[in-house]
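Single-structure report; data block below.
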Amino acid sequence: MRSQLLSAVEPPHPLGMNEERPEKACRSRSDSALVIFAYAQVAFFHHHLSFPPIRQVKAMDKLNIETKVTLRDEYQMPVLGYGTYELEGNEAYEGVLSALEAGYRHVDSATWYENEREVGQAILDFCRTSGTPRGDVFYTTKLKLNNGYENVKKAVQRSLDVCGLGYIDLYLVHGPIGGPEARRESWRAICDFQKEHPGLLRSVGISSFGIRHMKEIIESGLPLPVVHQIDLHPFMTRTDIVAFSKQYGIVMQAWGPLVRGYRFDHPTLAKLSTKYEKDAAQILLRYSLQKGYVPLPKSATKQRIISNSKIFDFSLTEEDVAVLDALDEALVTDWDPTDCA
Ligand SMILES: NC(=O)c1ccc[n+]([C@@H]2O[C@H](COP(=O)([O-])OP(=O)(O)OC[C@H]3O[C@@H](n4cnc5c(N)ncnc54)[C@H](OP(=O)(O)O)[C@@H]3O)[C@@H](O)[C@H]2O)c1
């Protein structure tokens, strides 16, 4: 039934159907931005959870660089983000400026990357010089260490101070390392900070958690994450973690969406590049969007930052998405803590 409602022009975005709806007064977004509801087809409900049904309205709307997904907490996140891993100092500053000038409105940083200051400054400078409201740019950063309740609260405050943005749109636990107790304390501290300082941490989530780690949060009775950032691309599809996260209405962000460049020469990508007249990076990013993920491509190169955003003027067929899915080889491009104790 869902497919009957979809446009022949644009394939469905698995995150959900677009629907215009009144925004909350406290949110800022551009008038033309589309609103998307998370496509969390809930197979079962945990006892303390309930989710709205899938919205099937205005399915013809096209994805564009301003498209946003509405998270379970009702905040909205642009469906394309800019990654800043390994960008330091002026390179981070210039990279973020280039991304914002190219139309990205979502930037991913982390305490580990040691670039929160430069990323924040670039956002502030861009907003000031272009007249863009701060609220139009979605900023993510992440907790470096699971090192105890009070330390985590201090780390959150430090990230807030360093970026200079006034608030953080999305704060993630960077990884599950440290054991059950340390994970629980990190999550409790972040949730408490969010409650105690309304508006300073708008959304909270996790990164690179395995299913077992996610179950710990569910069983703790603490609020659930609204986003899960993990390595997702055709060579690492993580279907189990994606399915589990989606059961709980958690939106997936894809790190390493370009496979860090390790598979650009793969014959399947070469074939699809020729077919769609797009480069391998654009094919991979379009795949990510069509899977319902929020890709976070990183590039230090202005030209690539721009070309990586040119992914809204074509779409892959469902067959070609399936062809890409079949390339899974569980390829770890950076780290994989999903099985850690
Ligand atoms: N949560 C986590 O644990 C975690 C882990 C890793 C990453 N992340 C986040 O996800 C982001 C993306 O992941 P990633 O940086 O690991 O990898 P990625 O985005 O998959 O790939 C980045 C690599 O691809 C190259 N590249 C970018 N665009 C290109 C293009 N159009 N043509 C050819 N090469 C291109 C870049 O080189 P140039 O810079 O020279 O263009 C860089 O070497 C990170 O920056 C970070 O924000 C999160």
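Restrict the check to segment 220-235 and report whether at least one residue is assigned to a helix (DSSP H, G or I) and either touching a residue at least 12 places away in the same chain (Cβ under 8 Å) or surrounded by fewer than 22 Cβ atoms within 10 Å (Cβ to Cβ) (or both). Outline the logic, then answer.
In the first step, residues of segment 220-235 are kept if they are assigned to a helix (DSSP H, G or I); the result is 220.
Narrowing further to those that are either touching a residue at least 12 places away in the same chain (Cβ under 8 Å) or surrounded by fewer than 22 Cβ atoms within 10 Å (Cβ to Cβ) (or both): 220.
Within segment 220-235, one or more residues are assigned to a helix (DSSP H, G or I) and either touching a residue at least 12 places away in the same chain (Cβ under 8 Å) or surrounded by fewer than 22 Cβ atoms within 10 Å (Cβ to Cβ) (or both).
Here is a check on your reading of the model: is Val251 out of contact with any helix residue (DSSP H, G or I) (no Cβ under 9 Å at 6 or more places or on another chain) and either of a type in the set (A, V, I, L, M) or without any contact (Cβ under 8 Å) to a residue 40 or more places away in the chain (or both)?
Working: out of contact with any helix residue (DSSP H, G or I) (no Cβ under 9 Å at 6 or more places or on another chain): no; either of a type in the set (A, V, I, L, M) or without any contact (Cβ under 8 Å) to a residue 40 or more places away in the chain (or both): yes.
Taking the combined requirement at face value, the residue does not satisfy it.
For segment 252-320, which helices (runs of 4 or more DSSP H) that fit wholly inside it have 2 or more residues that are farther than 23 Å from His228 by Cα? Step through it out loud before you land on a result.
Numbers: elements: 267-276, 280-290, 302-307.
Correct list: 267-276, 302-307.
Taking the criterion of being part of a loop (DSSP other than H, G, I, E, B), touching a Lys or Arg at 6+ places or on another chain (Cβ under 9 Å), without any contact (Cβ under 8 Å) to a residue 40 or more places away in the chain and of a type outside the set (Gly, Ala, Ser), the only residue of segment 143-169 that qualifies is Tyr167.
Filtering Gly179, Gly199 for residues that are under 21 Å from the mean Cα position of the chain (by Cα), surrounded by fewer than 16 Cβ atoms within 10 Å (Cβ to Cβ) and on the phi > 0 side of the Ramachandran plot leaves a single hit, Gly199.
If the condition is being in contact with a Phe, Trp or Tyr (Cβ under 6 Å, 6 or more places away or on another chain) and either of a type in the set (Phe, Trp, Tyr) or farther than 21 Å from Ser245 by Cβ (or both), then segment 328-341 contributes only Glu329. Do we find a residue being over 15 Å from Cys340 (Cβ atoms) and in contact with a Cys (Cβ under 9 Å, 6 or more places away or on another chain) anywhere in segment 167-189? No, there is no match, as no residue in segment 167-189 is over 15 Å from Cys340 (Cβ atoms) and in contact with a Cys (Cβ under 9 Å, 6 or more places away or on another chain).
Does at least one position in segment 278-286 carry a residue that is touching a residue at least 60 places away in the same chain (Cβ under 8 Å) and not small (Gly, Ala, Ser)? Within segment 278-286 (the criterion being touching a residue at least 60 places away in the same chain (Cβ under 8 Å) and not small (Gly, Ala, Ser)), the answer is yes, since at least one residue qualifies. Which condition breaks for Asn308 when tested against (1) touching a helix residue (DSSP H, G or I) at 6+ places or on another chain (Cβ under 6 Å); (2) closer than 25 Å to Lys62 by Cβ; (3) more than 10 Å from the ligand (Cβ to nearest atom)? The number of the failed condition is (3). One residue stands out in segment 61-94 among those that are among the aromatic types (Phe, Trp, Tyr) and touching a strand residue (DSSP E or B) at 6+ places or on another chain (Cβ under 8 Å): the one that is nearest to Pro297 (Cα to Cα), namely Tyr82. Keeping to segment 97-115, report how many residues are more than 11 Å from the ligand (Cβ to nearest atom), β-branched (Val, Ile, Thr) and buried (at least 23 other Cβ atoms within 10 Å of the Cβ). Summing the residues that are more than 11 Å from the ligand (Cβ to nearest atom), β-branched (Val, Ile, Thr) and buried (at least 23 other Cβ atoms within 10 Å of the Cβ) in segment 97-115 gives 0. Here Glu118 passes the criteria (1) closer than 30 Å to Leu222 by Cα; (2) touching a helix residue (DSSP H, G or I) at 6+ places or on another chain (Cβ under 6 Å) except the one numbered (1).
Yes/no matrix, rows are residues, columns are (1) of a type in the set (Phe, Trp, Tyr); (2) farther than 25 Å from Leu124 by Cβ; (3) assigned to a loop (DSSP other than H, G, I, E, B):
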{"site": "Pro176", "(1), (2), (3)": "no, yes, yes"}
{"site": "Glu181", "(1), (2), (3)": "no, yes, no"}
{"site": "Phe193", "(1), (2), (3)": "yes, no, no"}
{"site": "Lys215", "(1), (2), (3)": "no, yes, no"}
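Reported count of residues in segment 263-305, each being among the aliphatic types (A, V, I, L, M), surrounded by fewer than 23 Cβ atoms within 10 Å (Cβ to Cβ) and within 9 Å of the ligand (Cβ to nearest atom), is 3.
Counting the residues of segment 89-123 that are assigned to a loop (DSSP other than H, G, I, E, B) and closer than 18 Å to Trp255 by Cα gives 6.
Read-outs throughout are calculated quantities, based only on the coordinates presented, and are distinct from any laboratory measurement. On a predicted model such as this, the values are computed, not experimentally measured, just so you know. Every residue, glycine as well, gets a Cβ built from its backbone with ideal geometry; the counts of neighbours run over all protein chains shown.
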